[in-house]
Amino acid sequence: MNKTVKISVVTASMTIAAVTATALAQGAVNPTTALAQLGSKVYSTGPNGEQPASASSVTLTAAEIAKVKAMKATAAIVLHYGGNDWSNAQVDGLKARFTELGINVIAVTDAGFKPEKQVSDLETVSARKPSVIVSIPTDPVATAGAYKKVAAAGIKLVFMDNVPKGLKAGTDYTSVVSSDNYGNGIASAYLMAQALNSKGTIGIIYHSADFFVTKQRYMAFKATIKQFPNIKVVAEQGIGGPDFAGDAEKVANAMLTRNPNLSGIWAVWDVPAEGVLSAARTAGRKDLIVATMDLGKNVALEMAKPNGLIKGLGAQRPYQAGVTEANLAAYALLGKKAPPYVALNALPVTKATLATGWKSVYNQTLPGDVAGVLGQK
């Protein structure tokens, strides 16, 4: 992690640490009350310590949209990895807004979370000379040179979540858009505490790569769970992928073997959480409490069950993030000044709020199979 990223995360950590100290001094924290207060602010700062601008502040006038349409611009979407619900929703939001702006999407690539593949993807896509590339780097160091070449070629850059090392907002790229990952880490900790009635032993499965947003989630969860002195972290281990579900299943199996009375496990996003669910089923642990991040369909199905193991999660809003990224691409084409970091508020989701949460995340109604399990069909 580079120095500026450390400053950003540490600043947020210090805020939570102060809250934690106050909470412990005053007695037990009420997680339900704490969750209700989460929507009032964005807790994350940007990769370089930037203060967040709201997605609602990124707007285009009718005249500006007409100018963008007249440009006949093109765009490419270069993903870290695709096929998962989060990536699909980002692409859906981007494509929908690009269509409204008259910007033609000429490529969508999937790096399989391999930096060398993403560098190759960037070279291949750049050869087609798109007007703008919207991307999320797999590794901020290993891919930095490739992104610098893209910027030097005059192709506009807008980032999702993470920024390559050494690139500067307003010079090398337009902006970065993210959900409040630190806030969602806080939300998942409160949801875990709520499900555990503020007591028990837990394991943590984090992302071991140098990836800004997943580090924010992990640090926020750990800092927040300390507000509950009767919840003890007894095991934690990182996973590097690309088989995140398989790696998490192995780690969770080991945690449950060494700690047969483990009360719960937190996983850094929904795909690793799927591995935790598999391990819990193998161990016959129908009582295990699982909390995570990101509202994927598989975890939604588990949450919808009468006795599902997923009790709560902090969700991003990837569809709306994609719409915002497309708007920022238009800013870049117009030469309009953009905020360097744009964030969307954290979204705690439980079984009770699953339908409304899905709508907020995907701009769609709850899928029929999930609604059927939930008893809404």
Given the residues ALA248, ALA321, which is the only one that is within 17 Å of VAL361 (Cβ to Cβ) and either assigned to a helix (DSSP H, G or I) or modelled with pLDDT under 95 (or both)? ALA321
Scanning segment 196-223 residue by residue, those in contact with a Gly (Cβ under 8 Å, 6 or more places away or on another chain), more than 14 Å from TYR43 (Cα to Cα) and open to solvent by less than 40 Å² (accessible area, probe 1.4 Å) turn out to be LEU196, GLY200, ILE202, GLY203, ILE205, HIS207, ALA209
Hits in segment 61-90 (condition: surrounded by fewer than 20 Cβ atoms within 10 Å (Cβ to Cβ) and modelled with pLDDT of 95 or more): THR61, ALA62, ALA63, GLU64, ILE65, ALA66, LYS67, LYS69, ALA70, MET71, LYS72, THR74
I need a count of the residues in segment 168-208 that are of a type in the set (Asp, Glu) and within 21 Å of the chain's Cα centre (by Cα). 1
Going by the structure shown, is ARG128 assigned to a helix (DSSP H, G or I), open to solvent by 10 Å² or more (accessible area, probe 1.4 Å) and either modelled with pLDDT of 95 or more or of a type outside the set (A, V, I, L, M, F, W, C) (or both)? no
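With the condition being touching a Lys or Arg at 6+ places or on another chain (Cβ under 8 Å), I'd like the helices (runs of 4 or more DSSP H) fully within segment 20-124 carrying at least 1 qualifying residues. Break it down into steps so the answer makes sense when it comes.
Values: elements: 31-36, 62-71, 85-101.
Answer list for segment 20-124: 62-71, 85-101.
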Could you list all residues from segment 175-193 that are closer than 29 Å to ILE310 by Cβ, among the polar types (S, T, N, Q) and modelled with pLDDT of 95 or more? SER188
Give me the residue from segment 344-377 that is in contact with a Phe, Trp or Tyr (Cβ under 9 Å, 6 or more places away or on another chain) and part of a strand (DSSP E or B) and, out of that set, surrounded by the most Cβ atoms within 10 Å (Cβ to Cβ). VAL349
So, in segment 293-338, how many residues would count as being open to solvent by 10 Å² or more (accessible area, probe 1.4 Å), out of contact with any strand residue (DSSP E or B) (no Cβ under 8 Å at 6 or more places or on another chain) and of a type in the set (Gly, Ala, Ser)? 1
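Kindly indicate the residue of segment 229-266 that is among the polar types (S, T, N, Q) and touching a residue at least 40 places away in the same chain (Cβ under 8 Å) and also most open to solvent (accessible area, probe 1.4 Å) among those meeting that condition. Even if it seems obvious, please write down each step before you answer.
Filtering segment 229-266 for residues among the polar types (S, T, N, Q) gives 230, 237, 253, 257, 259, 261, 263.
Among the residues that remain, those that are also touching a residue at least 40 places away in the same chain (Cβ under 8 Å) are: 259, 261, 263.
Numbers: ASN259: 41, ASN261: 132, SER263: 31 Å².
Here the residue is ASN261.
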Taking segment 113-167 and keeping residues among the basic types (Lys, Arg) and over 22 Å from the mean Cα position of the chain (by Cα) leaves ARG128, LYS129, LYS148, LYS149, LYS156
Might you let me know whether segment 273-291 holds any residue that is surrounded by 24 or more Cβ atoms within 10 Å (Cβ to Cβ) and under 13 Å from the mean Cα position of the chain (by Cα)? no
Any chance ALA326 is out of contact with any Ser or Thr (no Cβ under 8 Å at 6 or more places or on another chain) and either more than 30 Å from ALA66 (Cα to Cα) or outside any helix (DSSP H, G or I) (or both): no
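Among the listed residues ASP172, ASP210, which satisfies the condition of being touching a helix residue (DSSP H, G or I) at 6+ places or on another chain (Cβ under 9 Å), within 28 Å of ALA338 (Cα to Cα) and modelled with pLDDT of 95 or more? Break it down into steps so the answer makes sense when it comes.
Values: ASP210 fails: modelled with pLDDT of 95 or more.
Answer to the selection: ASP172.
The values are calculated or read from the model by the stated rules, or taken from the named source; none is laboratory data. These numbers were taken from a predicted model, which means no experiment stands behind them. In this analysis, Cβ positions are derived from the backbone assuming ideal geometry, glycine residues included, and neighbour counts consider all displayed protein chains. In case anyone asks, the SASA skips ligands and DNA or RNA and just uses the protein heavy atoms, side chains included. Shrake-Rupley method; radii C 1.70, N 1.55, O 1.52, S 1.80 Å.
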